[in-house]
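Chemist: Here it is, the structure in full.
The values are calculated or read from the model by the stated rules, or taken from the named source; none is laboratory data. What you see is a predicted model; the values in this text were computed from it and never measured. Neighbour counts are summed over all protein chains in view; Cβ atoms, including those assigned to glycine, are modelled from backbone coordinates with ideal geometry. Heavy atoms of the whole protein, side chains included, go into the accessibility calculation; ligands, DNA and RNA do not. Shrake-Rupley method; radii C 1.70, N 1.55, O 1.52, S 1.80 Å.
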Amino acid sequence: MRYTLRQIEYFIATAETGSITLASERVNISQPSISTAIAHLEQELDTQLFVRRHAQGLTLTPAGKALLVEAKRLVEHAQQLYEVASEANDKIRGQLTLGCMVTLAPMIMPELSHAFTSAFPSTKVMQVVGDHDTLLQKLASAEIDVAITYDLHVPEGFDFVPLASLPPHVLVGEIHPFARLSAVTIKDIATEPLLLLDLPISREYFLAIFIQEGLTPHIAARSPHQDILRTMVANGYGYTLANVRPRSDTAMDGRKVVRVRLAGDHRPMVIGLVSPKERRKSRLIELFENHCRNRISDAYIPGMVAPVMEKRIRLD
């Protein structure tokens with residue numbers, strides 16, 4: 001064989017992203033190196049793998065599609081060599097690709113990943129951030145090994161391991177009239193300007209809170225970016241609904257936000273681990289799942305004020 005596993009990995013990245021530029025960003029290598037690797041594979045295998053269309057990126061040829069399936073298997077088997085060696089000498093090593101819901105990632109991923117690699121220095125955690133639907137797609141295509149997300153929509157074929165519950169709350173600026181209240185109801189806020197987190201699944205979750213009360217919210221603005229909504233709230237544009245509880249009460253521009261309890265019986269978002277049912281879990285993945293169970297609970301969530309702790313503070 002006159003090709004390398006590294007070249008195979010570059011081919012997989014290019015095939016999945018449809019772009020040498022995006023593949024270069026994913027594997028953190030220069031674009032010329034990606035192009036050279038693909039050209040070498042095409043020459044070595046004596047077949048065209050991609051159709052190159054101007055301004056439309058790369059599309060796999062039929063041969064390229066068939067090769068992609070086998071290439072993924074090859075890389076998976078190669079990774080298993082590390083697992084076999086680890087089990088033989090009781091040393092944990094290897095790379096784990098972790099996906100995380102974009103609203104959770106800034107708080108959870110740094111501490112969680114660093115604690116794991118500190119406990120197992122021969123491991124590496126590659127971090128991928130996306131919305132809920134994107135993470136499920138990447139799990140299905142084996143682009144990531146496991147994902148930390150919510151339980152709102154977990155299709156058949158995936159396992160979900162619950163870790164912690166996050167009930168919804170209202171977020172307002174410090175000069176908003178609601179900021180002085182201990183709690184508000186859905187009826188209280190329905191006519192106020194809502195700044196909606198516009199992400200798949202999350203959007204439907206928040207709107208359902210109004211629907212179950214027979215109310216229609218006054219949506220003043222939408223954004224898929226949580227930090228933008230927090231800054232708009234801090235500047236008096238309106239309120240937003242959220243489940244995450246950052247330890248900081250400061251928006252990106254330095255202004256303050258205030259978290260107000262949403263009264264009533266509302267379904268919480270449950271943070272958990274999602275993985276494909278049919279895919280064999282390596283020892284590395286199993287250890288990481290145990291690590292998550294030990295580090296995330298209703299009593300402690302990395303980067304957040306956990307609901308249980310917040311309730312104790314309120315009672316005190």
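Chemist: Criterion first (in contact with a Gly (Cβ under 6 Å, 6 or more places away or on another chain), open to solvent by less than 60 Å² (accessible area, probe 1.4 Å) and under 28 Å from residue 124 (Cβ atoms)) does residue 195 satisfy it?
Modeler: No.
Chemist: Residue 43 versus (1) surrounded by 15 or more Cβ atoms within 10 Å (Cβ to Cβ); (2) under 17 Å from residue 6 (Cα atoms): which is the lone unmet condition?
Modeler: (1)
Chemist: Can you pull out every residue in region 180-192 that is of a type in the set (A, V, I, L, M, F, W, C) and in contact with a Gly (Cβ under 7 Å, 6 or more places away or on another chain)?
Modeler: If the condition is that a residue be of a type in the set (A, V, I, L, M, F, W, C) and in contact with a Gly (Cβ under 7 Å, 6 or more places away or on another chain), then 186 is the only one that fits.
Chemist: Looking at region 192-202, which of its residues are modelled with pLDDT under 95 and not hydroxyl-bearing (Ser, Thr, Tyr)?
Modeler: The answer is 199, 200, 201.
Chemist: Another one. Quick one: residue 42 ticks every box in (1) of a type in the set (Asp, Glu); (2) under 27 Å from the mean Cα position of the chain (by Cα); (3) at pLDDT 90 or above bar one, so which box is it?
Modeler: Single failed check for residue 42: (2).
Chemist: Could you say whether any residue in region 240-251 is within 19 Å of residue 176 (Cβ to Cβ), touching a Phe, Trp or Tyr at 6+ places or on another chain (Cβ under 8 Å) and touching a residue at least 12 places away in the same chain (Cβ under 8 Å)?
Modeler: Yes: region 240-251 contains one or more residues that are within 19 Å of residue 176 (Cβ to Cβ), touching a Phe, Trp or Tyr at 6+ places or on another chain (Cβ under 8 Å) and touching a residue at least 12 places away in the same chain (Cβ under 8 Å).
Chemist: To continue, here is another question. Does region 203-225 include one or more residues that are of a type in the set (A, V, I, L, M, F, W, C), in contact with a helix residue (DSSP H, G or I) (Cβ under 9 Å, 6 or more places away or on another chain), surrounded by fewer than 16 Cβ atoms within 10 Å (Cβ to Cβ) and assigned to a loop (DSSP other than H, G, I, E, B)?
Modeler: Checked against the condition, which is being of a type in the set (A, V, I, L, M, F, W, C), in contact with a helix residue (DSSP H, G or I) (Cβ under 9 Å, 6 or more places away or on another chain), surrounded by fewer than 16 Cβ atoms within 10 Å (Cβ to Cβ) and assigned to a loop (DSSP other than H, G, I, E, B), region 203-225 yields at least one hit.
Condition check ((1) under 29 Å from residue 204 (Cβ atoms); (2) out of contact with any Lys or Arg (no Cβ under 6 Å at 6 or more places or on another chain); (3) part of a strand (DSSP E or B)) across all residues:
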{"position": "260", "(1), (2), (3)": "yes, yes, yes"}
{"position": "265", "(1), (2), (3)": "yes, yes, no"}
{"position": "270", "(1), (2), (3)": "yes, yes, yes"}
{"position": "273", "(1), (2), (3)": "yes, yes, yes"}
{"position": "291", "(1), (2), (3)": "no, yes, no"}
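Chemist: Output the number of the condition that residue 291 fails; it satisfies all remaining conditions of (1) surrounded by 16 or more Cβ atoms within 10 Å (Cβ to Cβ); (2) in contact (Cβ under 8 Å) with a residue 60 or more places away in the chain; (3) over 21 Å from residue 111 (Cβ atoms).
Modeler: Tallying (1) surrounded by 16 or more Cβ atoms within 10 Å (Cβ to Cβ); (2) in contact (Cβ under 8 Å) with a residue 60 or more places away in the chain; (3) over 21 Å from residue 111 (Cβ atoms), residue 291 fails exactly one: (3).
Chemist: So, residue 215, is that one touching a residue at least 12 places away in the same chain (Cβ under 8 Å), touching a His at 6+ places or on another chain (Cβ under 9 Å) and among the hydrophobic types (A, V, I, L, M, F, W, C) or not?
Modeler: no
Chemist: Would you mind finding the one in 299, 263 that is at pLDDT 95 or above and of a type in the set (Gly, Ala, Ser)?
Modeler: 263
Chemist: Between 252, 232, which is of a type outside the set (Lys, Arg), open to solvent by 80 Å² or more (accessible area, probe 1.4 Å) and outside any strand (DSSP E or B)?
Modeler: Sole residue among the options that is of a type outside the set (Lys, Arg), open to solvent by 80 Å² or more (accessible area, probe 1.4 Å) and outside any strand (DSSP E or B): 252.
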